[in-house]
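The values are calculated or read from the model by the stated rules, or taken from the named source; none is laboratory data. Please read these numbers as outputs of a predicted model, since none were measured by experiment. Using ideal geometry, Cβ is built from the backbone for each residue, glycine included, and neighbour counts are taken over all protein chains shown. Heads up: the accessible areas ignore ligands, DNA and RNA and are worked out on the full protein's heavy atoms, side chains in. Shrake-Rupley method; radii C 1.70, N 1.55, O 1.52, S 1.80 Å.
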Amino acid sequence: MAEKKNFGSRKRFYNGYELARYRKWKGFKDSWVDFKEWLKEKKISGELLKADPVRAFKALTYYHWMAPYLGSGSMVDRTIDDAHGEALLIAHKYMQFLLKSNVEALIKILKSDERFGENEYSKKTVIFEQDASPILIGGFPNLQNAVEEPYFHILATANDQHAGHYFTDIIDSYGLPSDSCRNSSAICGVAIDDQLPYYGACLITSNAPCDSSVMNSSIVERRLKVPSIQGCTPMRWKDEDTREYAVAHVKEVIKFIEDCTGETFDWDAFFETVRQYNEETRIQHELWELAKSPYYPVPSVPNLLYRSFQLSFSSGLNKECAKIGREMLEICEKCVREKINVRPKTRYRTLVCGAPSSYYMHFSTWMYECWGVNTVAVLNNMSHHEFISEDDKEEALWGVAQLWEQAIMRRHLVGGYENLLEMFEEYERFNCDMIVFYDDITCKGSKSMTGMIQDIANERNIPLVWISHDLIDPRAIPRNEMRKQFNDFMFSVMNEKPLDESLLDFDDSKGW
Amino acid sequence: MRDLRYRVYFENLLEEVKNELVDKALEDGKLALGYSCYYIPEVLMNLDGCFSVRLRAPGVADTAIATYYMSEKTCMYSRSILELAIEGGYNFFSALLSTETCGMMHRSHEHFEMLDLVKEQNEKFFVSHVDAPFVTKDYAVKHYEKQLKKHVLDRLNEVYGVDVSDEALRKAIEKHNELCRIVTEIGNYRKLSNPPLTGYEFHLIELVSECCPHDLIMPYLKETLEELKTRVADKDPWYRVRVVLAGGENDDPDFTKLIEDSGAFVVADRYCFGSLPGREEIEIRDGETALNAIARHYIDTNECPRFMNPEKVHGRKQYLKKLAEDYNADGLIVQQMKFCEYWEYERMYCQQVMESDYGLPCMGIEKEYINTSTGQLRTRFQAFVEALELKKTERGEQHG
Ligand code: SF4
Ligand code: SF4
């Protein structure tokens, strides 16, 4: 096959790579903002090496999931490629929060990793497995939390598209079929390859979001070798009668942490965290209100990442989260109030559903640049958005249970088909005129609803496109294959012409 | 060995979901209650005036419509159920009792609601969803009991006026236990070194006991038990090795037959639709209500890989080992339906640890609901039989 040559706006990239020879020129003002913020991002990334250079070096040479962080600058560039004016500033702020939280989390892991020597932090670390909010740690001011999955394969793959399949290959060779959810299987690969840090006072496993994450827990538990308690949040979370059981479980987790660490749950500190969490949630609700407007400036990808990882990185524990949120809110309010249009290429407003591919987080950026399809709402983000009681203990514990029940992905994929079909309400709420469904080929919860979703979309005349992807492994469905699916839809169903032909068909299968 | 008197009859009963015994029970005005999963206690669906039918989809060769709804990347059992439902194959149901235990199976059941299936034939038809726990703690058992009451008993009572009193439950337990005793007694013949029963025959027996009205199948089961008492096995055992068959959904006796045709006697059936667990008697302990006992029993005996607590995670392997000892098995076959997430992991796990940690040689199989590639499977089974034989020879044991 002849190698595809980049042209037009792809010309600045090396053929086959997502690596640019020079930065994108966005006009004088935007380019200056871009450069300034880019420098800040470099500084944030550098903190990782500065905090404990020896441990960082050892980790970089041992952990396969660590090296991709060197590519985080490129990841930021990819995700904000479509941002201009106010949107550019917002995008940078979001990404800086994400990078900072990520770096802080990694520093915590590095410092507590007993693989690189004994330390005072390990026994103060409570590990939360996939998708579980660490909010309870707010009640243990002397402890710190670590949330497993985001760093080891999701963010690593977002940084370097080829980072995650190293781990899925391992679990495949162990005998797990590759049709099993890649999100859950990748962490097993990490565990089996002895790539989990040696740390933790205890582990809280999770049954979220779905069947495969129920099953991967015992592999993680077996490898971590710390006391663990099993997550057993109800599935039918809308059934009022599951409350007693859900709350009993939260109480048991608190007791377990107390037993493992010798600490006592501090209700005052916990309620302080809850207040912070509620503030984050309130900001998000306000942002959603603004997102209904055509002048909503937030580019989709940074928003998606911020919201997804807000659960793991903050849940009220990180004061920075609400601070960034408030700044963002101000800019958004200004854009809407003053009718500043920073997304001028918009031809369609789309709702994005399903799990986005970790190796192509910036797909929405491309949709906007190539076709003028602006992602204004992300179904996955409409999760964990309930407020928690700030003074009633029983109610607050119920709030924690709900936070676990309605975690990202779980919120829509379990507990009844109506939850996934809420996508059609969100479509109306955000004044969309298109739905893009990220069709993770290993996600059984959404795959087993495809016909019904398509039927409803047809009945209501809603243009809906399925973008198949593999979540972790770009060799199965490469990025260009994903783009092709969207191109076909835009040409044949929407009868549209691209805004930028040079973005229709290009090769970025190598490197980051 | 002479043919079992009711073998062909049982085979015929399994050809259709709505077989002649189901028809007879419906004529008698009984309510047919469908279910798929072990988390819905069979005994609750056999209260007076009701009978249980475990969902199978015999004869569904093509799942085109269900595949449109659920995609080709989901468990074929779940899709086959949906296909048959769309064809009207379960139109005689009064209710479908579901659990959100396995996501795909549950989605398949949800399509009954989304597509308004069965409703046209019976407007009182309902689908009810039970939330089942992931651990065995006391509060989890209590939760399970509450769910069974709310989503099974209360619904049956509200919609159809079924008597769900403690007394009615005790009566149902008594009848259920009688059926379990008979099936277990039949199954125990598999422990003999030269048994008057094959694994295939037992698979038929267990399946008819799950898919036909209990009152009506009982006489046939009793007669079969009597027949076995005098049935003479061939002089030499017909098999080369003995295996425990474990795994997820398996309602296909031909699959068991395929294994046995390769020389491995299936001595124990530890899969969904099997008798281990499933045919243990329910004991009502002092101070317990009937529903307390049922909830406790179905959590205690449950071997589903969905349980996350270590007692269950390790207990499942120990249970397999124990079955191998009790039934004198040489090895273990773990079968898993393609796309089944629970059993993909459990099968992988078993393959990794059963031989090394429990001394039980293990083979893993990925299968479809309807197996078309029997040639390939047969070759693999034969290879496993040979490997087991070799091990036996090394240990100085005789074949068969
Ligand atoms: S494997 Fe578990 S969830 Fe699936 S059908 Fe069997 S008992 Fe039910
Ligand atoms: S075989 Fe597996 S996927 Fe299919 S219904 Fe049973 S548990 Fe679910």
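Here are the numbers:
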quantity	calculated
Using θ = phi - 60° and Karplus 6.51 cos²θ - 1.76 cosθ + 1.60, couplings along the range A:497-502 (whole Hz; Gly, Pro as x)	10, x, 6, 9, 5, 5
Accessible surface of chain B [probe 1.4 Å, protein heavy atoms]: carbon and sulfur percent	48 percent
Above-threshold pairs, the threshold being 26 Å between Cα atoms, out of A:93/A:124; A:484/B:338; A:50/A:93	A:93/A:124; A:484/B:338
Integer Hz, Karplus 6.51/-1.76/1.60 couplings in order for the range A:179-189, x for Gly and Pro	7, 6, 3, 6, 5, 6, 6, 4, 5, 5, x
Net charge of Cβ neighbours under 14 Å - reference residue B:308; Lys, Arg +1; Asp, Glu -1	-3
Residues whose placed amide H lies under 5 Å from that of residue A:125, excluding near-sequence neighbours	A:144, A:200, A:201
Within the range B:17-164: Cβ-based charge dipole about Cα centre, in debye rounded to nearest 20 (Lys, Arg +1; Asp, Glu -1)	440 debye
Residues with amide H under 5 Å from that of residue B:127, placed H, sequence gap 5 or more	B:96
Peptide-level mean, for A:167-174, of C-beta atoms on other protein chains within 10 Å	1
Hull-based mean projected area of the range B:17-164, where the convex hull spans the alpha carbons, in square nanometres	8.8 nm²
Cα-Cα pairs of the protein assembly as shown separated by more than 39 Å (percent)	44 percent
Complex-versus-alone comparison for the range B:69-101, residues with a loss of 40 Å² or more in accessible area, probe 1.4 Å	B:69, B:73, B:100
Spacing of the two label points (7 Å from each Cα toward its C-beta) at residue A:510 and residue A:496, in nm	3.2 nm
Calculated over chain B: convex hull of Cα atoms, volume per residue (Å³)	132 Å³
Whole-percent pair-distance distribution, where bins are 10 Å wide, for the alpha carbons of the range A:138-227	16, 49, 29, 5, 0
Portion, in percent, of the accessible area of the range A:8-503 that falls on carbon or sulfur, probe 1.4 Å	52 percent
Cut-off 13 Å (backbone N to label point 7 Å along Cα→Cβ of residue A:255), residues of the range B:140-184	B:140
³J(HN,Hα), Karplus 6.51/-1.76/1.60, whole Hz, each residue of the range B:132-145, x for Gly, Pro	9, x, 9, 10, 10, 4, 4, 5, 6, 5, 4, 4, 4, 4
In the A-B interface, the accessible area buried, summed over both sides, Å² (probe 1.4 Å)	4600 Å²
The protein assembly as shown - charge dipole about Cα centre, Lys and Arg +1 at Cβ, Asp and Glu -1, debye rounded to 20	3000 debye
Surface/4 of the Cα convex hull for the range A:1-90, nm²	7.9 nm²
Residue B:376/residue B:351 FRET efficiency (R0 22 Å; Cβ-Cβ; nearest 0.05)	0.80
Accessible area in square angstrom per residue, the range B:17-164, 1.4 angstrom probe	32 Å²
Protection proxy ranking, peptides A:229-242, B:17-30, A:58-71, average beta carbon neighbours within 10 Å, highest first	A:229-242, A:58-71, B:17-30
Mean Cβ neighbour count within 10 Å, used as a protection proxy, ranking B:33-41, A:345-353, B:366-374 highest first	B:33-41, A:345-353, B:366-374
Shielded by partner chains, the range B:304-340 residues - at least 30 Å² of accessible area, 1.4 Å probe, vs chain alone	B:308, B:339
Delta accessible area of at least 20 Å² on complex formation, residues of the range B:139-169, 1.4 Å probe, chain isolated as reference	B:139, B:142, B:143, B:146, B:147, B:150
Cα pair distances in the range B:149-305, grouped into 5 Å bins until the bin that holds the longest one, percent each	2, 8, 16, 18, 19, 15, 10, 6, 4, 2, 1, 0
Positive minus negative residues near residue A:29 (Lys, Arg vs Asp, Glu; Cβ under 15 Å)	0
Neighbour cut-off at most 11 other Cβ (10 Å), DSSP loop, GluC sites (Glu not before Pro), the range A:112-221	A:118, A:120
Per residue solvent-accessible surface (Å²) - the range A:8-503, probe of 1.4 Å	33 Å²
Projected label distance in nm at residue A:458 and residue A:7, using a 7 Å step from Cα toward the beta-carbon	3.9 nm
Sequence ranges A:273-279, A:132-138, B:280-286, ranked by mean other-Cβ count within 10 angstrom, highest first	A:132-138, A:273-279, B:280-286
Cα-based Rg of chain A normalised by 2.2 N^0.38 Å, two decimals	0.93
